[in-house]
């Protein structure tokens, strides 16, 4: 991949790695990587006894490509990835973790991975109910930010307390009974550490039913459940209880795209997954995800993924 445009706002400067590394306990970092090696044995996504927790292993770099992430906390033990949303770049690696508060289409690349030193990480899907319960117990501290809508994605430096909690989490994954009994409490601690971090307002806003982020989250949920049906701005605005202009403003603040752009992206990603499974042609895939015109579907598919829908080498979307 070519060099990033100079206009990109880089959220993490790799030159700061030594100072971040100096703040992290080397033993903990090494132990975390060793445990991930044991629990991410297969290349790609590895499932665990906890449905909201997966580990992943990647053994070669991957160029920038479109993906869709669910609301999640992604903690990398070794290797490195970058996510691109609009003009901003988010690095998540052995020194920085990634948080998404809503389902988000964006572009991702794996820039550091090899068979000898694979990309290893942990992904925790955000459980909104568990997050709400935690915030109630915390007394739902007042917002530390202005009235601005927090971004739905960020990367921020790791710290030892979070790594220690992740170590305990990965350890209990070896035993389904321990994972079932102890796992939820460790996940609760990880949520707490993230909420108390410098950018915890992002998750807090998503869990607050009265926040504008939560209102937009209702629209996102509707899109993900009904992407194959006719959806227009009127329907989305009613779901969010907003005017058209307010919906556009708040939606773009949260996702960095318009509601209809988001809908189109989700439809195309779903079509890509259908085609990757085989037994279906492009026209049928287009119809199944809500397109009326196969030719429009083919144009927009190629524009997003760089290849026509008939190109079987494209494969399914990158899951890690």
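Some notes on this structure:
- Number of positions in segment 289-311 that are surrounded by 15 or more Cβ atoms within 10 Å (Cβ to Cβ) and over 25 Å from the mean Cα position of the chain (by Cα): 4
- Selection count, segment 224-238, where residues are closer than 14 Å to residue 254 by Cβ and under 17 Å from the mean Cα position of the chain (by Cα): 0
- Number of the exception - residue 169 against (1) more than 30 Å from residue 29 (Cβ to Cβ); (2) assigned to a helix (DSSP H, G or I); (3) at pLDDT 95 or above: (1)
- Check on residue 38, over 22 Å from residue 161 (Cα atoms) and modelled with pLDDT of 95 or more: no
- The set of residues from segment 113-126 being surrounded by fewer than 18 Cβ atoms within 10 Å (Cβ to Cβ) and either in contact (Cβ under 8 Å) with a residue 60 or more places away in the chain or part of a strand (DSSP E or B) (or both) comprises just one member, 125.
- Condition met for residue 260 (free of Cβ contacts under 8 Å to residues at least 40 places away in the same chain, in the same structural domain as residue 221 (by TED's automatic domain parsing) and either under 21 Å from residue 236 (Cβ atoms) or surrounded by 15 or more Cβ atoms within 10 Å (Cβ to Cβ) (or both)): yes
- One residue stands out in segment 70-91 among those that are at pLDDT below 95 and part of a strand (DSSP E or B): the one that is surrounded by the most Cβ atoms within 10 Å (Cβ to Cβ), namely 85.
- Residue 136 falls short of the stated requirement of being crowded, with 18+ Cβ neighbours inside 10 Å, more than 20 Å from residue 65 (Cα to Cα) and over 20 Å from the mean Cα position of the chain (by Cα).
- Residues in segment 92-112 that are assigned to a loop (DSSP other than H, G, I, E, B) and farther than 20 Å from residue 26 by Cα: 101, 102, 103.
- If the condition is being modelled with pLDDT under 95 and more than 26 Å from residue 256 (Cα to Cα), then segment 108-158 contributes 130, 133, 134, 135, 136, 137, 138, 139, 140, 141.
- Wholly enclosed helices (runs of 4 or more DSSP H) of segment 178-282 bearing at least 2 residues under 18 Å from residue 104 (Cα atoms) and modelled with pLDDT of 95 or more: 212-226, 244-255, 259-277
- Any hit, segment 177-186, residues being closer than 17 Å to residue 100 by Cβ and in the same structural domain as residue 73 (by TED's automatic domain parsing): no
- Candidate set from segment 192-201 (those that are surrounded by fewer than 23 Cβ atoms within 10 Å (Cβ to Cβ) and under 16 Å from the mean Cα position of the chain (by Cα)); member that is farthest from residue 96 (Cα to Cα): 200
- Selected residue (criterion: surrounded by the most Cβ atoms within 10 Å (Cβ to Cβ)) from residues of segment 227-257 that are touching a helix residue (DSSP H, G or I) at 6+ places or on another chain (Cβ under 9 Å) and under 17 Å from residue 291 (Cβ atoms): 227
- For first residues located in segment 187-204 and over 14 Å from residue 158 (Cα atoms), partners that are at pLDDT below 90 and assigned to a helix (DSSP H, G or I) and lie 6+ apart or on another chain with Cβ distances below 6 Å do not occur.
The values are calculated or read from the model by the stated rules, or taken from the named source; none is laboratory data. Since this is a predicted model, take the numbers as computed values, not measurements. Neighbour counts are summed over all protein chains in view; Cβ atoms, including those assigned to glycine, are modelled from backbone coordinates with ideal geometry.
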